[in-house]
Structures are given as structure tokens and as C-alpha cells.
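Taken together, the values in this text are just the output of simple stated rules run on the coordinates, not laboratory data. No experiment lies behind these values; they were computed from the predicted model shown. Here the Cβ positions follow ideal geometry from the backbone for every residue, glycine too, while neighbour counts run over all protein chains shown.
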Amino acid sequence: MTTITLEPETVTLSRRQWVAKWKVSIILGVFALIGLVMFVILGRPGESTFVLSTAKEFIQLPNVVLPAQAAGIVFELLLLAGVVRSVFAIRAGRTTPLWVIAVFAAVFLVAFLNWAAAGQLPIPVPGLLIGAVAGAVPLIFGALGGVISERSGVVNVAIEGQLLAGAFVSAVVASATQQPVLGLLAAMGAGVLVSFVLAAFAIKYVVDQVIVGVVLNVLVAGLTSFLYTTLLSPNQETLNSPPRFDTIDIPLLSQIPIIGPVLFSQTIIVYVAYVAVALVWFGLFKTRWGLRVRAVGEHPKAADTVGINVNSTRFWNVSLAGAIAGFGGAYFTIGSVGGFTKEMTAGAGFIALAAVIFGRWDPIKATLAALLFGFATNLQSVLTIIGSPVPSEFMLMLPYVITIFAVAGLVGQSRAPAASGKAYIK
């Protein structure tokens with residue numbers, strides 16, 4: 001009887017090990033198969049044009065024009081080479097090199113753009129990348145807040161609510177004072193308020209952290225929608241017409257081809273994002289504060305024994321995370337579109353949370369994940385404008401499909417901080 005019970009478990013474990021070992025190769029093979037169908041079998045006639053320069057750059061790069069069908073075949077051969085390289089690495093007992101995955105993803109992306117733009121309007125590469133950075137900025141701030149919160153041991157599902165509260169309050173305050181800087185400060189305060197409620201219930205009253213986060217998201221969405229209808233809409237000119245930050249061009253750097261307009265011709269909020277990523281990384285891994293944060297998130301009992309107040313450390317770091325996320329929420333209004341609209345974050349907080357997981361709770365990796373999701377968001381807009389043959393319904397789904405695929409298919413064995421989501425009772 002014992003033998004019969006254990007045999008299925010052994011087979012299941014073996015299958016799981018096999019899937020885990022070959023997962024990356026399988027995923028690359030599936031995408032290579034998709035590429036074979038799209039880029040070769042269903043290859044589109046005509047030429048695809050890529051615009052590489054804007055008018056203000058001091059070095060003008062020529063447009064790149066590719067014969068769509070021939071280029072599709074070449075790209076597919078490169079994809080198949082990536083699959084073969086991955087298979088050889090696995091058979092040799094090694095993991096697929098990261099550079100192989102990165103090159104494969106880049107080739108597939110260019111091949112897809114080449115296929116989508118065949119016979120259509122040119123693809124403005126700088127515009128595509130500028131939009132990607134713009135779409136990633138609130139995700140970066142949300143992800144940084146999520147990293148700090150979860151590193152300290154509190155699961156921050158309320159990032160969506162913090163972003164939305166920051167967007168709402170920044171619009172109102174900036175409109176009333178005509179000072180966007182005050183709007184930024186108010187957005188940080190709104191984020192702190194939301195995170196304060198999360199910390200109070202999760203840490204002091206030991207309520208399930210995920211449930212509290214979900215409830216806060218619903219509460220903030222409902223409250224801001226109600227206030228928008230009753231307060232902002234009737235007083236649009238005075239309470240929902242905030243001034244926006246102007247674009248700041250960094251001399252010389254902003255004129256570098258492609259990179260210049262993407263990274264160095266942005267608003268002050270984007271430049272703060274660059275600094276914030278570096279500061280959070282340095283603080284978490286190179287300072288005493290970061291050591292304490294990681295200690296209470298990994299082993300709170302051990303941290304308590306050496307004199308660290310676990311719950312106080314968690315409380316203040318969750319509040320800091322809320323301030324950072326609220327700052328990112330201000331980008332939706334005073335950094336981008338201007339006026340506030342109902343639920344304008346559109347799930348950005350959940351994508352930021354996915355970036356935290358995809359980035360393995362590391363500030364830099366989470367930022368790169370946020371840039372990937374921001375690129376996916378802008379890609380659907382650009383392809384719709386140039387007249388892509390991809391159905392518009394699928395294009396609207398694209399950012400969320402890529403988010404789900406990235407977290408479920410590429411994260412692999414990823415370990416969260418050991419005490420994340422677990423209340424500490426002394």
C-alpha cells in the first residue's frame with residue numbers, strides 16, 4: 001500500500017523537475033514557433049521603415065528600411081539559433097545564459113515591429129522609447145515602494161490605491177495653488193496616509209495584509225470617483241486644471257541620437273525617478289538602515305534579539321513606501337495628462353507589484369521590469385497609430401498579457417523575503 005501511494009508522488013516530482021529544467025528552452029521554442037507562423041508563413045509584403053532621429057538631435061541618423069518578408073526570415077533564423085543555444089546549455093547541465101534570453105527578446109521584438117509595420121506608416125523609434133519611459137515612471141515609483149515595504153515584511157497590495165490617491169490629491173492641490181511642487185508634496189502625503197492605514201491594520205491589529213491592501217484599493221477608487229463626480233467636475237477650472245511640469249532638456253546629453261530625447265529630455269519627476277532608484281538600491285544594500293529593513297523582513301525574531309524594534313521599523317518603512325508611491329501617482333496628473341479622471345491609474349499599481357516580483361525584490365531589477373511593462377503599454381498605442389494588422393482589442397490587452405507572462409513564465413524559482421506577509425508578535 002505504501003509503494004502504491006508513493007509512486008505517483010515520485011513521478012509528479014520528476015515531471016516538475018523536468019519542466020523546471022527545460023522551462024526557458026520551452027518558452028523560447030514556443031515563441032520561435034509563433035515567429036515561424038507570423039514572420040515566415042504569414043509574412044507581409046512591402047517595406048517596414050524605422051525612424052531613428054528627431055529634428056533636434058545634432059547627429060541625424062538615417063531611416064532604416066527593411067524588406068519585410070526577407071527580414072522576417074532572417075529574424076526567424078536568429079530566433080531558432082537562440083533556441084538551439086538554450087538547448088545546448090541545458091544539455092550541458094547549465095542554465096540558459098541571460099544574454100541569450102535578452103538577445104532573443106530583442107530580436108523577437110524587432111521582428112514583430114518589422115512584421116507589423118510592413119507597408120504601414122514608419123515607426124518612430126525615439127517616440128516609442130520616450131513613451132515607454134513615460135509609461136514606466138509611475139510603475140518605477142510604485143515598484144520602489146513595493147520593494148521597501150516587502151523587504152521590511154509587509155506585503156503592499158495597496159500600491160494601486162497609493163498611486164491613485166497621489167494622482168487625485170496632486171491634481172487638486174496643484175490646481176488650487178497653481179504650484180506643481182506643492183502638488184508633489186501633497187501626493188506624497190496622500191500616499192503616506194494610505195500606507196498608514198495599511199500599516200496600522202497589518203502591523204498593530206494583525207489583519208491579513210493582502211485583504212487590507214485590496215480593501216484600501218477599493219476604498220480609494222470609490223472615494224476618488226465620488227469626489228471627482230461631486231467636487232472636481234463642477235469646479236473643473238479651479239480644482240482640476242493643474243499646471244504641469246515643463247520638459248527640461250539637459251544640454252548636449254539631450255542631443256545624443258536616440259538616447260538623448262529618451263533619457264535627457266524629460267520632466268523633473270522622471271529625473272527624480274533616476275535618483276530614487278539609485279538611492280533605494282544604495283540604502284537597502286549599503287547602509288545601516290537597509291540592513292535593519294532586510295533583517296526585519298527576513299528574520300524578525302533575530303532582529304528583535306539584537307535590539308531592533310521590528311514593528312516600529314516596519315511601520316515607518318511602509319509609510320516611506322507610501323510616500324514614494326504617492327509621488328509616482330502625481331506623474332499621472334501634473335507630470336503627464338494634467339487633470340484627474342476616474343480610476344486613471346488603470347491597474348498600474350498591480351503592474352508595479354508584478355514588477356516587484358519579476359525583479360526579485362531588487363530595486364534595479366524591479367525598475368527594469370517596470371520599463372518592460374511601460375514599453376508594452378506604449379507599444380500598443382504606437383501600433384494602433386501606424387495601422388497594425390493586430391486587432392485593437394488584443395493591443396489593449398498587450399500590457400497585461402506581457403505582465404502575466406513575465407511573472408508566471410519567466411520569474412522561475414523566486415523567493416520573497418522570508419517574513420513578508422507575516423505579522424510579528426513579540
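How much length would be gained if the chain were fully extended between VAL64 and ALA92, taking 0.36 nm per residue of separation minus their Cα-Cα distance, in nm to one decimal?
Numbers: separation 28, 0.36 × 28 = 10.08 nm, distance 3.89 nm.
Length gained between VAL64 and ALA92: 6.2 nm.
Would you tally the net charge around GLN120, using a Cβ to Cβ cut-off of less than 11 Å, leaving GLN120 out, and scoring K and R as +1, D and E as -1? Let's see the in-between values first.
Values: positive: ARG44; negative: GLU47.
Neighbourhood net charge equals 0.
Counting only Cβ charges, +1 for Lys and Arg and -1 for Asp and Glu, the dipole size of the range 125-410 around its Cα centre is about 720 debye.
Residues in the range 71-83 carry Karplus couplings, in order, of 5, x, 5, 4, 4, 5, 4, 5, 5, 5, 4, x, 5 Hz; the curve used is 6.51 cos²θ - 1.76 cosθ + 1.60 with θ = phi - 60°, and Gly or Pro positions show x. Every Cα-Cα pair of the range 15-120 was included, and the share exceeding 16 Å stands at 61 percent.
ILE148 sits among other residues whose Cβ lies under 13 Å from its own Cβ, and their net charge, with Lys and Arg +1 and Asp and Glu -1, is +2.
Taking amide hydrogens as placed 1.01 Å from N in the peptide plane, the amide H of THR267 sits under 5 Å from those of ILE248, each at least 5 positions away in sequence or on another chain.
Can you list the trypsin sites (Lys or Arg not before Pro) in the range 254-359 that are in a DSSP coil and have 10 or fewer other beta carbons within 10 angstrom? If you can, show how the numbers build up before the last one.
Details: sites: LYS286, ARG288, ARG292, ARG294, LYS301, ARG314, LYS342; in loops: LYS342.
Taking the range 254-359 and a limit of 10 other Cβ atoms within 10 Å, no loop trypsin sites (Lys or Arg not before Pro) are found.
The 3J(HN,Hα) values that the Karplus relation (6.51, -1.76, 1.60; θ = phi - 60°) gives for the range 323-333 are, in residue order, 5, 5, 5, x, 4, x, x, 5, 5, 5, 10 Hz. Gly and Pro appear as x.
Farthest toward the positive end of the dipole of the chain, out of THR54, PHE394, ASN317, is the Cα of ASN317, where the dipole comes from beta carbon charges about the Cα centre.
Here the Karplus curve 6.51 cos²θ - 1.76 cosθ + 1.60, taken at θ = phi - 60°, turns the phi angles of the range 127-139 into couplings of x, 4, 6, 4, x, 5, 5, 4, x, 8, 4, x, 5 Hz, with x standing for Gly and Pro.
Considering only ILE101, LEU66, ALA118, and ranking their Cα positions along the charge dipole of the range 15-120 that arises from unit charges at the beta-carbon of Lys, Arg, Asp and Glu, the one farthest toward the positive end is ILE101. Annotation: the antiparallel percentage among DSSP beta bridges lying fully within the chain is about 75.
Loop-located chymotrypsin sites (Phe, Trp or Tyr not before Pro) across the range 37-77 with a Cβ neighbour count of 15 or fewer within 10 Å are PHE58, with loop assigned by DSSP. With the charge dipole of the chain set up from +1 on Lys and Arg Cβ and -1 on Asp and Glu Cβ about the Cα centre, the Cα lying farthest toward the positive end among the listed residues VAL173, LEU139, SER195 is that of SER195.
Here the Debye sum runs over all C-alpha atoms of the chain as equal scatterers in vacuum, and log10 of I(q)/I(0) at q = 0.09, 0.11, 0.13 Å⁻¹ comes out as -0.66, -0.94, -1.21. The label point for ALA346 and the one for LYS23, both projected 7 Å from the Cα toward the Cβ, are 3.0 nm apart.
What is the Å³ per residue value for the convex hull set by the Cα atoms of the range 121-172? Don't skip to the answer; put the middle values down first.
Details: hull volume 5.6 nm³, N = 52.
Taking only Cα atoms, the range 121-172 has a hull volume of 108 Å³ per residue.
Annotation: amide H of SER48 within the under-5 Å range of LEU66, ALA68, GLY119, sequence separation 5 or more or interchain, hydrogens built in the peptide plane. About its Cα centre, the dipole of the range 15-120 is roughly 740 debye, where the only charges are +1 on Lys and Arg Cβ and -1 on Asp and Glu Cβ. Taking Lys and Arg as +1 and Asp and Glu as -1, the other residues whose beta-carbon sits under 14 Å from that of GLY283 total +4.
Each of PHE245, PHE168 was scored by other Cβ atoms within 10 Å of its Cβ. Listed from fewest to most, they are PHE245, PHE168.
The Stokes-Einstein estimate for the range 299-356, based on a Kirkwood radius over Cα pairs and taken at 25 °C with 0.890 mPa s viscosity, is a diffusion coefficient of 177 µm²/s.
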